[in-house]
Structure formats: structure tokens, C-alpha cells
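**Student:** I have a structure I would like to understand better, so I am pasting it below and will then ask my questions one at a time.
The values are calculated or read from the model by the stated rules, or taken from the named source; none is laboratory data. Quick caveat: nothing in here was measured; it's all calculated off a predicted structure. Here the Cβ positions follow ideal geometry from the backbone for every residue, glycine too, while neighbour counts run over all protein chains shown.
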Amino acid sequence: MMDVDHADEPSSSASSRMIQVEGEDHTLGTLLVSSLWVQPHVEIAQYSQKHVVNREEIAVHVQTDGEVSATTSLVEAAKLVKRMLAGMDDSMRSALEKWDQLPEEEKEARNRRGKGKLESEFADAEAKVRAGEGQSAAMHVDDDGEGEDDPFLRIVREVRRRRGRNADDDA
């Protein structure tokens, strides 16, 4: 369970808030900031970790345009992260249940095919990195029309839209 310490700084206002989240690291920081950026009234969203050795606390800062409080934005971001993780949990449990029902021969065949496919994809990615295309290859999100309800893809698309880019820019 995470402990949240609200850092009330003298410069703190309703539109700006920084919180300290104990017991968390870059994983939650990245999720929260990404979830903050999809909100239309958020102007600044960032997190920091004092030192890589101290992986026990992050500081999350959000600033809004004043139409919505920073606290409300943080709560909404946390709710979105919770929904995303619940969806991932449901998907993983469903996939594992289906996997457990497969005959052993089918599992072995799928593992062999999957290993070959992954090795091929890694080789392609490595070739792109060596050819100087590494950053765009690493930032590519497959936008084939699937996953319209995927919260992560919606976040990626919204952040790119705000930055004046679309999903095809990294392809």
C-alpha cells in the first residue's frame, strides 16, 4: 500500500500540487503522469525520484489552468490508472485461463512459434537501431484500428495530439 504525503509548499495553490508517494517508483510515476496529460486542463505533469538508489519515494507535480483543481486532476489520474490496471489484470487472468486449458502439445508448439517471432522482431529492431532509426522504432505504437478501448493507446494518442504529432509520425 502506498503512503501519500501532501507537500503543502508556500507556493502551493488550488491549480498546483505536489505530492510525495512513498513505496513507489518510476512505474507508478510514469502511469500517473501519462494519465494526467490526457486531461484537457492539465498544463504541467511530471514526477521525479530523488535518487535512483532510493526507489522508495516519488514526487508527482501537477499544474492545471485553474478550471479544475490539481487535486481533482490527480484523483482522476489515479482512477484512470486503477481502471487500466484492472483491465490488464482481467486480460491476463483470461489469457492464463485459456492457456491452462490448452493441451501440452499445443502449448509447446505455440512457445516455439512465439520464440521464433520474438527473435525475428528483436533482430528487426536491432537492425533499425544500427541504421539510426532506433528512436522512432522504440516509440512506435501499432495503430491498426485495434485497441480503440485500450486506455494506454488513448493516452499515447492524446499526448501525441497535444504535441502536434499523430501515431503515424513514429511509424
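**Student:** Can you spot a residue in region 130-139 that is exposed (fewer than 12 other Cβ atoms within 10 Å of the Cβ), at pLDDT 90 or above and not in a helix (DSSP H, G or I)?
**Tutor:** No, because not a single residue in region 130-139 is exposed (fewer than 12 other Cβ atoms within 10 Å of the Cβ), at pLDDT 90 or above and not in a helix (DSSP H, G or I).
**Student:** Residues being under 12 Å from the mean Cα position of the chain (by Cα) and among the aliphatic types (A, V, I, L, M): count how many of those fall in region 28-77.
**Tutor:** Taking region 28-77 as the starting set, the residues that turn out to be under 12 Å from the mean Cα position of the chain (by Cα) are 28-38, 77.
Those still in the list that are among the aliphatic types (A, V, I, L, M) too: 28, 31-33, 36, 38, 77.
Qualifying residue count, region 28-77: 7.
**Student:** Then there's this: Going by the conditions given, is residue 156 of a type outside the set (Gly, Ala, Ser), modelled with pLDDT under 90, within 20 Å of residue 36 (Cα to Cα) and in a helix (DSSP H, G or I)? Don't jump to the end; show me each part of the working.
**Tutor:** Values: of a type outside the set (Gly, Ala, Ser): yes; modelled with pLDDT under 90: yes; within 20 Å of residue 36 (Cα to Cα): yes; in a helix (DSSP H, G or I): yes.
Judged against the criteria, residue 156 is a match.
**Student:** Sticking with this structure for a sec: Can you tell me which residue within region 12-46, out of those that are in contact with a His (Cβ under 7 Å, 6 or more places away or on another chain) and of a type outside the set (Val, Ile, Thr), is surrounded by the fewest Cβ atoms within 10 Å (Cβ to Cβ)?
**Tutor:** Selected residue: 46.
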